[in-house]
Each structure stands twice: as structure tokens, then as C-alpha cells.
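Since the structure comes first, as C-alpha cells, the remarks are kept for the end.
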Amino acid sequence: MQPSDVKALLEARIDGCDFHIQGEGCNFQVTAVGEVFGELSPVKRQQLIYSALSDEIASGALHAISIKTYTPSQWQNAADRA
């Protein structure tokens, strides 16, 4: 899979988020930014992303995924510190 493939899957399955994907093969780093994360605990944020990719994980098309999630304001604050 390519990063663009992972991004397309996530965009089709989770509304209202921006996704930034890095990686190659079956190992990817997912950064997701969306208002949906404001109401969720850190564990629920991770579960949302994993559940959107569960078929690809089960098939082995995706193997290792690291996930970072942000609300838009958290993302802005992180960008301001970078």
C-alpha cells in the first residue's frame, strides 16, 4: 500500500478529518486532525482509527500503524510549538 491508499481509506470511512500519512509497504504513521476527537478519550481516538482500517489490518495489507490524533486547536498548538 501507498500513503495515498491509506489516506483514501480513512477519508472514505471517517468524516470531517484531515489525515497526514507517512510510511510505505505495510508500516504507516497516521496523523489525524478533526473535531470528532474533542469528545473522545485517547483510547477511543485510537480505536476509531483502528476500526476504520480493521479489514486491512486483518488481511495483513497493513501491519504496523502508529497513530497521533488532534483536534484542530490541538493541531494548531502543536504546529505553533514546532
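The values are calculated or read from the model by the stated rules, or taken from the named source; none is laboratory data. All figures in this text were calculated on a predicted structure; none of them were measured in a lab. Backbone-built Cβ (ideal geometry, glycine too); neighbour counts: all protein chains shown.
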Going by the structure shown, is ALA32 out of contact with any Phe, Trp or Tyr (no Cβ under 7 Å at 6 or more places or on another chain) and among the hydrophobic types (A, V, I, L, M, F, W, C)?
no
In region 38-77, what count of residues is obtained for those that are buried (at least 17 other Cβ atoms within 10 Å of the Cβ), part of a loop (DSSP other than H, G, I, E, B) and among the hydroxyl-bearing types (Ser, Thr, Tyr)?
1
Where residues in region 17-37 are part of a strand (DSSP E or B) and charged (D, E, K, R), which of them is modelled with the lowest pLDDT?
GLU24
